[in-house]
Amino acid sequence: MLWILQRASAVVLAFCVMVHLGSIIYAVQGGLTAAEILGRTRGNAGWLAFYCVFVLAVSVHAPIGLRTVFIEWLRWRGRSRDVVLLLFSGVLAWTGMRAVLAVFA
Amino acid sequence: MKVSVWKGGAEGGFHEFDVPRHPSQTVLDVVTYIQRSLDPTLAYRFACRVGMCGSCAMTVNGVPRWTCRTHVDRVARDDRLRIGPLKNLPVIRDLVTDMREFFDKWARAKGQFKGERTRNDDFHQVKPSSLERLKVEAGIECIGCGVCYSACDVVAWNPDYLGPAALNRAWTLVKDERDRARLERLRAVAGDAGCHSCHTHMSCTERCPKHISPTVSIAGLKREILKTTIQGKF
């Protein structure tokens, strides 16, 4: 199940990262100021939905990958590892959503 | 030719021997010469000498190989050989490793065929041209030499990992139309110890002396498990 979740979130991330990088390059090329960028993102439900999906995919994908790193590098198994990974996932979701809401509201 | 050979158990060292070169000489010929003429205490394992039994695998110049079919000409560097036991397996003595864990993992991967016919039934005919049979055409040629297991990074990092050979065996049975333990086997090969831990480094495929690709077999298992999960049967 974790494997399927990781692969599925990877598919979502492949799309999201492309759009994210594309929009960064566009903003830089066009010379948009921070205020202009905020002007476009504030109240825009499309960007809000896009970045909510992005953050959710990251908070699913990253902890599963880190789990394998813990197993292979640290031989760390059991509940303590899973609790740390859940916390890590929570931190990613919390900080990510804070950023998303900051540019939306 | 200068040949360094591992002597001792896990704690040991390389001993150097001078071995005469011959045309078409194999690495196994070299080891046999050392044992018969230079150091009768040298322990090593071999049986068929023709690449069928899978018992003579060793690490030659850092690479796991079947020694009976490996010509010295192909692997010697500056007329030197360094021969050690297979990696990722406990060393019993010199070039002999303990293969128990390797084969126990075949059993853990449900590597036993489970059919439903008895001796009173007729033979089951498997069409050589059937798609399922073609998918395991290469995989069923495994001789269980342990070269892939020794070459696998994931085995080195995660000792529970079943390894390429056991997973390849499971794959050949999953695709065997006579077998009746498909689901049970897929459950056994899923998860942290199973196919989902493979990083697709492909060292097993690179090193397999029978040119089997356990990586393809492992990818097949992942697909099969995904399909079964989507169908809600897993």
- line: Per its Cα gyration tensor (rounded if a/c is under 1.5, else prolate when a/b beats b/c, else oblate), the range B:1-54 is best filed as oblate
message: Under 20 Å between alpha carbons, and skipping anything fewer than 8 positions from B:LYS175 in its own chain: which aspartates and glutamates qualify?
response: B:GLU116, B:GLU132, B:GLU137, B:GLU141, B:GLU184, B:GLU224
query: Compactness ratio of the range B:2-97: Cα Rg over 2.2 N^0.38 Å, N = residue count?
result: 0.97
field: Qualifying trypsin sites (Lys or Arg not before Pro) for the range B:11-61 [loop in DSSP, other Cβ within 10 Å: at most 14]
entry: B:ARG21
message: Against the 2.2 N^0.38 Å scaling, with N counting residues, where does chain B land? I'd like the Cα-based Rg ratio to two decimal places.
response: 1.13
field: C-alpha center-to-center spacing [the range B:23-95, the range A:36-105] in angstrom
entry: 51
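What's the local net charge at A:TYR51, with K and R +1, D and E -1, over the other residues with C-beta under 14 Å away?
Charge balance near A:TYR51 sits at +3.
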- prompt: Counting only Cα, what are the radius of gyration and maximum Cα-Cα distance Dmax of the range A:2-104, in Å?
  reply: 16.4, 50
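Mind listing which trypsin sites (Lys or Arg not before Pro) in the range A:1-103 are in a DSSP loop and have 15 or fewer other Cβ atoms within 10 Å? Before the final figure, lay out each step's value.
Values: sites: A:ARG7, A:ARG40, A:ARG42, A:ARG67, A:ARG75, A:ARG77, A:ARG79, A:ARG81, A:ARG98; in loops: A:ARG42, A:ARG75, A:ARG77.
Loop-located and lightly packed - A:ARG42, A:ARG75, A:ARG77.
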- prompt: Hey, what's the per residue convex hull volume over the C-alpha atoms of the protein assembly as shown, in cubic angstrom?
  reply: 218
task: Would you mind checking the tilt of helix B:214-230 against the longest principal axis of the Cα atoms of chain B, expressed as 0 to 90 degrees and rounded to 10?
output: 20
task: Compute the signed sum of charges (Lys and Arg +1, Asp and Glu -1) over the other residues within less than 9 Å, Cβ to Cβ, of B:ALA57.
output: +2
- request: Find, to one decimal place in angstroms, the Kirkwood hydrodynamic radius of the range B:100-230, where the mean of 1/r is taken over every pair of different Cα atoms and then inverted.
  value: 14.9
task: Treating the angle as unsigned and between 0 and 90°, give the value, to the nearest 10°, between the Cα long axis of helix B:164-174 and the longest Cα principal axis of chain B.
output: 30
- prompt: Relative to the Cα centre, what is the charge dipole magnitude of the range B:113-186, using +1 at the beta carbon of each Lys and Arg, -1 at the beta carbon of each Asp and Glu, and rounding to the nearest 20 debye?
  reply: 200
- line: Per DSSP, the loop-located trypsin sites (Lys or Arg not before Pro) within the range B:109-145 having at most 16 other beta carbons within 10 Å are B:LYS114, B:ARG117, B:ARG119
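Would you mind checking B:LYS87/B:LYS114; B:LYS7/B:LYS87; B:LYS105/B:LYS127; B:LYS114/B:LYS233 for any pair whose Cα atoms are more than 24 angstrom apart?
Going by Cα-Cα distance, B:LYS87/B:LYS114; B:LYS105/B:LYS127 fall outside the 24 Å limit.
Values in this text are rule-based calculations from the coordinates and carry no lab data. Everything quoted here is computed from the prediction, not taken from an experiment. All Cβ positions, even for glycine, are placed from backbone atoms using ideal geometry, and neighbour counts span all protein chains on display.
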